[in-house]
Amino acid sequence: MEQPIPPYLFAFAAGEIGSREVGPRTKVFAESVPAVLDAAAKEFAGTEDMIRVGEKLFGDYDWERFDLLVLPPSFPYGGMENPRMVFLTPTVIKGDASGAQVVAHELAHSWTGNLITNKTNDHFWLNEGFTTYAERRIVEAVQGEDIAALNIGIGWKGLVDEMERFKDKTEFTKLLTNQEGVDPDDVYSQVPYEKGFQFLWRIERQIGRPAFDEFLKKYIAAFKFQSIDTYMFLDFLKVNVPGIEKEIDLKIWTEGTGIPFDAMEPVSNIYKKIVSLANEFKQGRMPSEEEVANWHGQEWELYLENLPKSVEASQVTALDSRYRLSESKDYEVKVAFLQLAIGSRCSEYYNIVEKTLKEVGRMKYLRPLYTALVQGNVKKEEEKIFAQRVFSEARETYHPIAQGVVESILSKHL
């Protein structure tokens, strides 16, 4: 490839690999197993539509090819935006094309992250906040406003949860962080993604979408194939959107801790409805079959994420016997449900927890499940012994980064 890239984007894969053509610039690669290749090709059939939307929003796609490689289950991330060939976890193949959202995120990196790169990890939000914003614009254009609002809602809940996680380390609730002497894997969180998204969405609301779209195109053209920092972005913003610093407190957004007062949840009927149904669950009311008739993975994920961390065990089993969430093919749903089951000490689900921890190595699922097992003040001796045993048996199948993350969770709580 001709394009210059920062070294963290250099990757290669070796194996017995097959492929399927899914578009004029896109092949899906995976281990040579026809069932895996067919499922991946079906899941990502809409990729070319997304590339075209991306080009309309952000300018030409500068990398010629946009190929996808589905890795084995031990791959520790959802996706990695390696230029020209995105690496993906097999857990994004859900059978309903909703896995395309991770692809939308990695595609968006083709402009924000790969074309314009953060100078150091202290400015990581420049990669991820922009990409989360860009991903949601692509999803909105391809899948509609409701789906985009669900994504924003799931992200909002994730951001609120991170504030709790970092309440004693508020440095990591800032967009512009100081990571001197810190292992980035230990403080990796939703903050750069979701607070970064919120910041850009706030600017969009201030100046209007057409003006913000013009600004984004200008920004990408001005800095492409360069590494920049937060100050360079803010200077560019102030020059190109005169007076913005009088309307929005840029310092509080970039250097302040916590969630700024002018951040906001999405405005959407479906979002409101799901959150209010989750609140009703606390009073013992389960959603009816009609209410969930059109729900897919994201609706369930948003619902489960908004339930209290622990409820009566009988409520958990009743919910599952009606909706079979523990058997979901969508790991977002399954893992959100299993966290609820662990929080409510429903030990009859521990065999499914064990199976899940042994079949996937994606840190997005390992981190919350192991944490749920060992965290908290109640006497959790059985859970702790269980977590240690499962990890000792599964450890070799995890990626080294994932091994380190699980070890640090266990050592902190055991």
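The values are calculated or read from the model by the stated rules, or taken from the named source; none is laboratory data. Since this is a predicted model, take the numbers as computed values, not measurements. Here the Cβ positions follow ideal geometry from the backbone for every residue, glycine too, while neighbour counts run over all protein chains shown. Calculation scope for accessible area: heavy atoms of the full protein, side chains included, ligands and nucleic acids excluded. Shrake-Rupley method; radii C 1.70, N 1.55, O 1.52, S 1.80 Å.
For the reader, a short list of remarks on this structure follows.
Conditions tested, residue by residue: (1) at pLDDT below 95; (2) among the β-branched types (Val, Ile, Thr); (3) assigned to a helix (DSSP H, G or I).
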residue	(1), (2), (3)
Trp300	no, no, yes
Leu304	no, no, yes
Ser321	no, no, yes
Tyr350	no, no, yes
Asn377	yes, no, no
Glu393	no, no, yes
Ala402	no, no, yes
Ser408	yes, no, yes
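- Residue in segment 225-242 that is nearest to the chain's Cα centre (by Cα), counting only those that are assigned to a strand (DSSP E or B) and surrounded by fewer than 16 Cβ atoms within 10 Å (Cβ to Cβ): Ser227
- Applying the criterion of being basic (Lys, Arg) and part of a helix (DSSP H, G or I) to the residues of segment 352-375, the residue that is most open to solvent (accessible area, probe 1.4 Å) is Lys355.
- Residue in segment 80-92 that is outside any loop (DSSP other than H, G, I, E, B), surrounded by fewer than 21 Cβ atoms within 10 Å (Cβ to Cβ) and under 13 Å from the mean Cα position of the chain (by Cα) present: yes
- No other residue among Glu164, Glu135 is among the charged types (D, E, K, R) and over 12 Å from the mean Cα position of the chain (by Cα) apart from Glu164.
- Selection within segment 41-58: residues that are open to solvent by 20 Å² or more (accessible area, probe 1.4 Å) and part of a loop (DSSP other than H, G, I, E, B). The member of this set that is farthest from Glu214 (Cα to Cα) is Ala45.
- The lone exception for Lys157 - which of (1) under 16 Å from the mean Cα position of the chain (by Cα); (2) open to solvent by 20 Å² or more (accessible area, probe 1.4 Å); (3) farther than 28 Å from Ser276 by Cβ; (4) of a type in the set (D, E, K, R) it fails: (3)
- Pairs, first farther than 14 Å from Ala372 by Cβ in segment 397-414, second hydroxyl-bearing (Ser, Thr, Tyr), C-beta under 8 Å, six or more apart: Thr397/Ser74; Tyr398/Ser74; His399/Ser74; Ala402/Ser74
- Checked against (1) open to solvent by less than 70 Å² (accessible area, probe 1.4 Å); (2) among the charged types (D, E, K, R); (3) in contact with an Asp or Glu (Cβ under 8 Å, 6 or more places away or on another chain); (4) more than 19 Å from Tyr133 (Cα to Cα), Asp185 passes all but a single condition, namely (3).
- Gly343 being out of contact with any strand residue (DSSP E or B) (no Cβ under 9 Å at 6 or more places or on another chain) and under 21 Å from Glu312 (Cα atoms): yes
- Residue that is surrounded by the fewest Cβ atoms within 10 Å (Cβ to Cβ) [pool: residues in segment 100-136 that are modelled with pLDDT under 95 and of a type in the set (A, V, I, L, M)]: Val102
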